[in-house]
Amino acid sequence: MDFPKLRPLTLVPAEHQGRRFLLLQDPEQISEEVVMMPVEVLPVIQFFDGQHSLRDIQAEIMRQTGELVDTEIFQQVAEELDQHLLLDSDRFHQHLQETQATWNALPLRPASHAGLAYPAEPEELRRALDGFYQPPAGPGPI
């Protein structure tokens, strides 16, 4: 993980017990966890773009702050993010392959958006779908 790369994430500022944090969320929900990191980590993770090595990040932070920070700290941040599948890494891609293989092997796939994008109850869903075919907006019965 010499060149850490963040996956596309949603970053939400938050405050907890008087301290400022960033909530890192996966909009694809491959990782369902929300990771809370101190806002001070933002200058570091902005360089988690796959183009900067840990040494490059160390040099950038040194230029910005005048402070020499051990690359071990950047490594720990990267490992923490990778544990939560927030980095575009071998671990993430392995997890994605396993998840897709499991999904593809299911004889019946669960309705992942039931109760969110459409009704969860079968009879209510049937009425909603039938409503798409009812005049005046729908084409009529099939």
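Rounded to the nearest 0.05, what FRET efficiency do Arg109 and Gln75 have when you use their Cβ-Cβ distance and R0 = 30 Å?
Computed FRET efficiency for Arg109 and Gln75: 0.20.
Could you give me the ³J(HN,Hα) list for the stretch 31-37, computed from phi with Karplus coefficients 6.51, -1.76, 1.60 and θ = phi - 60°, whole Hz, x at Gly and Pro?
Those phi angles translate into 9, 8, 7, 10, 9, 9, 10 Hz.
Can you tell which of Pro110, Pro119, Pro38 shows the greatest fluctuation in a Gaussian network model of the chain with Cα springs below 10 Å?
Of Pro110, Pro119, Pro38, the Gaussian network model singles out Pro119 as fluctuating most.
Please report the net charge: other residues with Cβ closer than 14 Å to the Cβ of Met62, K and R +1, D and E -1.
In short, -2.
On the accessible surface of the chain, probed at 1.4 Å, how many percent belong to carbon and sulfur atoms?
Heavy-atom surface of the chain belonging to carbon and sulfur, 1.4 Å probe: 53 percent.
Please go through the stretch 63-135 and write out the GluC sites (Glu not before Pro) that DSSP classes as loop and that have at most 15 other C-beta atoms within 10 Å.
Sparse-neighbourhood loop GluC sites (Glu not before Pro): Glu67.
Sorted by average packing, counted as other Cβ atoms within 10 angstrom per residue and highest first, what order do 46-52, 133-139 take?
46-52, 133-139
Excluding Gln83 itself, what net charge comes from residues whose Cβ is under 12 Å from its Cβ, given Lys and Arg +1 and Asp and Glu -1?
-3
Just the accessible area per residue of the chain, please: how many Å² with a 1.4 Å probe?
Spelled out: the 1.4 Å probe surface of the chain, per residue, equals 71 Å².
State the extension gain, in nm to one decimal, for the chain segment bounded by Glu123 and Gln97, taking 0.36 nm per residue of separation less the distance between their alpha-carbons.
Fully extending the segment from Glu123 to Gln97 adds 5.9 nm.
Taking each pair of distinct Cα atoms in the chain once, what is the resulting Kirkwood hydrodynamic radius in Å?
So the Kirkwood estimate lands at 18.6 Å.
With an 8 Å Cα cut-off and a minimum separation of 6 or more residues, compute the relative contact order for the chain in percent.
Answer for the chain is 19 percent.
Which value, in debye to the nearest 20, gives the size of the charge dipole of the chain about its Cα centre, when Lys and Arg are +1 and Asp and Glu are -1 at the Cβ?
The calculated dipole for the chain is roughly 460 debye.
Given the whole protein assembly as supplied and a 1.4 Å probe, what does the accessible area of Arg7 come to in Å², nearest 10?
10 Å²
The values are calculated or read from the model by the stated rules, or taken from the named source; none is laboratory data. Small disclaimer: the values here were computed from a predicted structure and weren't measured. Reconstructed Cβ throughout: ideal geometry from the backbone, glycine too, with neighbour counts over all protein chains shown. SASA here: full protein model, heavy atoms, side chains in, ligands and nucleic acids out. Shrake-Rupley method; radii C 1.70, N 1.55, O 1.52, S 1.80 Å.
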